[in-house]
Amino acid sequence: MERVLVVDDEENARIGLKKLLALDGYHVDTASNGYEALEYLYRHSVDLVITDINMPEMNGLVFLRELNRSYPSVNVIMVTAYGGVESYLEAMNLGAFEYLNKPVRFEELKAVMDRIFNRNLRQAN
């Protein structure tokens, strides 16, 4: 079972995504900001991080930089309600697998997750 960490300061978005992904068979944990997520990752391994960009204290792009430094093999999907070309380019240059705009369509998210997990499966063989 793949482990997913959802990082979003919006509680409804975090909980809603956790419920949808859990129904789809994923083990899902959540964090409300980048600091909490890094603390979680220090103790647990995950296969995928889905993180918002606009968060207080540590935004998603700073979090992605820290994540790459400490956990470079973790796949990341960035999500934002305030998408722009600059943040898209920065996220992709920092190694995000994909960048999705909110509200995230679950079918689109699932398709991206399937690509990630199928790629990981191929690389493991």
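So here's what we get for this one:
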| quantity | calculated |
| --- | --- |
| Residue satisfying all of: in the range 10-30; among the acidic types (Asp, Glu) and within 20 Å of THR80 (Cα to Cα); nearest to the chain's Cα centre (by Cα) among these | ASP29 |
| Extreme residue, farthest from the chain's Cα centre (by Cα), among residues of the range 102-125 that are modelled with pLDDT of 90 or more and farther than 20 Å from ILE53 by Cβ | GLU107 |
| Tabulated pairs, the range 29-54, first of a type in the set (Phe, Trp, Tyr), second not in a helix (DSSP H, G or I), C-beta under 6 angstrom, 6+ apart or interchain | TYR35/MET58; TYR40/ALA31 |
| Count of the range 93-106 residues which are under 22 Å from ASN12 (Cα atoms), surrounded by fewer than 16 Cβ atoms within 10 Å (Cβ to Cβ) and either in contact with a helix residue (DSSP H, G or I) (Cβ under 6 Å, 6 or more places away or on another chain) or in contact (Cβ under 8 Å) with a residue 40 or more places away in the chain (or both) | 1 |
| The range 31-67: number of residues that are under 17 Å from ALA81 (Cα atoms) and acidic (Asp, Glu) | 1 |
| Hits in the range 72-95 - residues which are touching a Phe, Trp or Tyr at 6+ places or on another chain (Cβ under 9 Å) and closer than 25 Å to SER45 by Cβ | ASN75, VAL76, ILE77, MET78, VAL79, ALA91, MET92 |
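The values are calculated or read from the model by the stated rules, or taken from the named source; none is laboratory data. Treat the numbers as computed from the prediction; the structure is a model and nothing was measured. As a convention, Cβ positions derive from the backbone with ideal geometry for all residues, glycine included, and neighbour counts pool all protein chains shown.
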